[in-house]
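The structure under discussion appears below in the form of C-alpha cells.
All of the numbers you see were taken from the coordinates with simple rules; none came from a lab. The structure displayed is predicted, hence computed values, not measured ones. So basically every Cβ, Gly included, is an ideal-geometry build from the backbone, and we count neighbours across all protein chains shown.
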C-alpha cells in the first residue's frame, strides 16, 4: 500500500502537478525516497515558491509542530525546509531591516490561550509569538520577550523562527497571566534604552 502511494506521489512530483500545500501536508506520510524528498524540501524552501503559495506563516508552524513528534531520519531535513520557508515569507516585511532596533513583546496572558477558530489548533498566543519572531528574523538589534504579570526579555538566535516560537511557548507561566503591557515601557525607561520601535502583540487595547 505504502509503495503504491509513494509511486503515485513520485509521479506527481516528477510531473510538477503537485501544489505547494499538498506537499506541505503530506511530506512525511507518502514514503518518498531520499532523492524526491530532497527535491520537495528544496521546493518548499524556495523563496519564489513560498511567495506564490500565499501561505500564512501559521501554516508552517502547524506543520512544524506535527513534525516535532515524528521520529525518523528525514524529519530534521523537513524541519529545516520549513524554517527556510517561513523566513522567506517574512522577507518583504516593510519597515524592519537589519539596522532597525526594536523591542518585540508578546502577550502571554490568559486570554491569549484561545484558538483562532474551532477548526484550528493555532491560538492567539501562537500568533503573537509568530509575528514577534518573524520580525526578530529581520532585525539584528532586537530585544524580544513576553509580558503577563511582569515583562521578561529572552535571548534567542536570529536564524530560527519556528524553533524560537516553540522555545517561548514552552516557557508558559514564567511571567504570569495578566496583561501588564506597561511593564515593557517601564523596563525601557529603567534601562535608559532608546530603540526605533516597540511592538506589542496582544489581543486587547493597551
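Summary table below
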| item | result |
| --- | --- |
| Stretchable slack from residue 71 to residue 123, in nm (0.36 nm times residue separation minus alpha-carbon distance) | 16.2 nm |
| Order of 100, 121 - criterion: other Cβ atoms within 10 Å of each residue's Cβ, fewest first | 121, 100 |
| Reported label for calculated semi-axes √(5λ) of the Cα gyration tensor in Å given [x] 26, 19, 17; [y] 36, 18, 13; [z] 34, 18, 14 | [y] |
| Relative exposure of 161, 189, judged by other C-beta atoms within 10 Å (fewest first) | 189, 161 |
| Between helix 2-14 and the chain: long-axis angle, C-alpha atoms, 0 to 90°, nearest 10 | 80 |
| Computed [θ] at 222 nm, deg cm²/dmol, the chain (DSSP H ≥ 4; -39,500 (n - 2.57); rounded to nearest 500) | -14500 deg cm²/dmol |
| Alpha-carbon Rg/Rh ratio, for the range 112-206, with Rh computed the Kirkwood way | 0.95 |
| With Cα atoms, 0 to 90° folded angle of helix 75-89 axis to the chain main axis | 60 |
| Between 0 and 90°, nearest 10: helix 182-191 axis offset from the chain longest Cα axis | 70 |
| Taking 86, 103 and counting other C-beta atoms within 10 Å, the order from fewest to most | 103, 86 |
